[in-house]
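Any read-out appearing in this document is the output of simple, stated calculations on the displayed coordinates, not a laboratory observation. The shown structure was predicted, so the numbers you read here are calculated from the model rather than taken from an experiment. So basically every Cβ, Gly included, is an ideal-geometry build from the backbone, and we count neighbours across all protein chains shown.
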Amino acid sequence: MSIVSVAKWLEATAPAQAISQSAWMFPAAETIHVIAIALVVGSIAVLDLRLLGLSWTRRPITEVAGEVLPWTWSSFAVAAVAGTAMFISGASKYIVDLPFQLKFVVMFLAGINMLVFHRFTYQGVAHWDRNASPPRAAKIAAALSLIFWIGVVTCGRLVSFSIENQFAPPG
């Protein structure tokens, strides 16, 4: 069974059919997805800018992380659910779309960056938590995070241009 055949099966499910045939369900999911991604990227950017020593330098990094990461994770969950709803409505088109594929590659890289940062660099945060300028490894992780999440947003936006607009007038 190929990935495209699985995607076609997904498109044939009742939820996917409901989304693709509704005049409002896909736009509603897309709106929720965009707002949630904005919250994900915005909250991550707050922490990344602190790690880069560019904002909130008088606040401990652990305090900033404690305030923004719950927003990041809850917004990511909402974005994933809304994104899944959009995906299943046209899975066979999305699965072969280069910007869609790149979005997931870059999101995977962002996840790896986060895991490496938390596993190695953040373990020593007690030594540099209150420093206006964290260590180089933290700054590199923060810069990569910003680059990766800008890449996710850019690729996600490109999906809109590379997939046929199902809401355009027939032509």
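Grab the Cα-Cα distance for ILE147 and HIS118, subtract it from 0.36 nm times how many residues apart they are, and report the gain in nm with one decimal.
Once the chain is fully extended between ILE147 and HIS118, it gains 8.7 nm.
Each label point is 7 Å from the Cα along the Cα-to-Cβ direction; what then is the distance between the points at GLU63 and ASP129, in nm?
For the pair GLU63/ASP129, the computed spacing is 1.1 nm.
Report, as a whole number in µm² per second, the diffusion coefficient that Stokes-Einstein gives for the chain at 37 °C and 0.692 mPa s using the Kirkwood radius over alpha carbon pairs.
Values: Rh = 17.6 Å.
Translational D for this selection: 187 µm²/s.
Which residue fluctuates the most in the chain, going by a Gaussian network model with Cα springs under 10 Å, if the choices are SER133, SER75, SER89?
Greatest mean-square fluctuation among the candidates belongs to SER133.
Rounded to the nearest 500, what is the chain's calculated 222 nm mean residue ellipticity when only DSSP H runs of at least 4 contribute -39500 (n - 2.57) each, over all residues? Mind dumping the intermediate values first?
Working: 8 runs with 127 residues, N = 171.
Mean residue ellipticity, 222 nm, calculated: -24500 deg cm²/dmol.
Taking the simple approach of a point 7 Å from Cα along Cα-to-Cβ for both ILE3 and THR84, what is their distance in nm?
1.9
Filter the chain for me: DSSP H helices, axial length by Cα at least 24 angstrom, mean Kyte-Doolittle hydropathy not below 1.0. List them by residue number.
TM-like helix candidates: 25-51, 61-89, 98-116, 136-162.
Under 8 Å for C-alpha pairs, at least 6 residues apart: give me the relative contact order for segment 3-162, rounded to a whole percent.
34
Under 29 Å from the Cα of LYS139, which lysines turn up, not counting those fewer than eight places away in the same chain?
Once the sequence-local lysines are set aside, what remains near LYS139 is LYS103.
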